[in-house]
Each structure stands twice: as C-alpha cells, then as structure tokens.
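The values are calculated or read from the model by the stated rules, or taken from the named source; none is laboratory data. Since this is a predicted model, take the numbers as computed values, not measurements. Positions of Cβ are generated from backbone atoms using ideal geometry, with glycine treated the same way; all protein chains shown enter the neighbour counts. With ligands, DNA and RNA removed, areas are computed over all heavy atoms of the protein, side chains included. Shrake-Rupley method; radii C 1.70, N 1.55, O 1.52, S 1.80 Å.
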Amino acid sequence: MVPGIIKAYAYSQTFYAYKDLLAATPAGQARPRYRDAVTRSRQLMHGHKWQLFVLHLSFLGWELLSILTAGIGQLWLVPYIYGVLANYYDNLQAIN
C-alpha cells in the first residue's frame, strides 16, 4: 500500500504538466502524449514527495472544521486547496 501512495504523489502533478504541454504545443501539431506528462510529473516530484505530503497534512484541520459545518465550509476550502496545489506546481516549475 505504501509504494502505491508514493507513486500517487509522484504522479500528482500530471494534470498540470499536461496542461502546460498542451499550452506549449503550436496550433496544427499533434497533441502531446499523456505519457510525457506522467514523465514530467515524476521528474518534478523527485525529492519533493514529502513536501507535498506535509502540505496535504496542513489541510487536515481545515477539513475537520469544514465537516463540523455540515460540509458548507467545503465551498471555500476546495477552491483554496486547488489554488494552493496549482501554486505548488508553479513553484516546482521554478525550482526545476
């Protein structure tokens, strides 16, 4: 189970990497392969999996608080989490 979790963190940036590859592809050329995005995600996350795990742990208190509000807090929490994860991807891009 633990190796699967580690691989999930390695592949966690695939969506963002694919969107960047798609945006960088000139019009009229073939779409980028998904495998390229998976490879890019693995490259970006090399040595940063623990950082992302701790980042996910930092949201745990907010998620518990959101549950106490009968899920209404999710209306604000989910967009915030997605924004933070997108910013995390941008920081990974700047580092690499």
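Results for (1) β-branched (Val, Ile, Thr); (2) closer than 17 Å to Lys7 by Cα; (3) at pLDDT below 95; (4) surrounded by 14 or more Cβ atoms within 10 Å (Cβ to Cβ), shown as yes or no for each residue.
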| site | (1), (2), (3), (4) |
| --- | --- |
| Val38 | yes, yes, no, yes |
| Ser41 | no, yes, no, yes |
| Trp50 | no, yes, no, no |
| Val54 | yes, yes, no, no |
| Ser66 | no, no, yes, yes |
| Gly73 | no, no, yes, yes |
| Tyr82 | no, no, no, no |
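Check segment 20-27 and report whether any residue there is hydroxyl-bearing (Ser, Thr, Tyr), over 18 Å from the mean Cα position of the chain (by Cα) and open to solvent by less than 70 Å² (accessible area, probe 1.4 Å).
Within segment 20-27, one or more residues are hydroxyl-bearing (Ser, Thr, Tyr), over 18 Å from the mean Cα position of the chain (by Cα) and open to solvent by less than 70 Å² (accessible area, probe 1.4 Å).
Mind checking whether some residue in segment 67-82 is touching a Gly at 6+ places or on another chain (Cβ under 9 Å) and part of a helix (DSSP H, G or I)?
Among the residues of segment 67-82, at least one is touching a Gly at 6+ places or on another chain (Cβ under 9 Å) and part of a helix (DSSP H, G or I), which makes the answer yes.
Filter segment 1-19 down to the residues that are within 19 Å of Ile95 (Cβ to Cβ) and assigned to a helix (DSSP H, G or I), then identify the one that is most open to solvent (accessible area, probe 1.4 Å).
Phe15
Does Arg31 satisfy the condition of being open to solvent by 70 Å² or more (accessible area, probe 1.4 Å), among the charged types (D, E, K, R) and in a loop (DSSP other than H, G, I, E, B)?
Yes, satisfied.
What number of residues within segment 10-23 satisfy the criterion of being over 11 Å from Leu44 (Cβ atoms) and among the aromatic types (Phe, Trp, Tyr)?
Residues that pass the stated criteria total 2.
Would you say Asp36 is touching a residue at least 12 places away in the same chain (Cβ under 8 Å) and of a type in the set (D, E, K, R)?
Against the criterion (touching a residue at least 12 places away in the same chain (Cβ under 8 Å) and of a type in the set (D, E, K, R)), Asp36 qualifies.
Need pairs with beta-carbon distance below 6 Å; first residue closer than 19 Å to Leu55 by Cβ and within segment 70-84, second open to solvent by 50 Å² or more (accessible area, probe 1.4 Å); sequence gap 6+ or separate chains.
Leu77/Trp62
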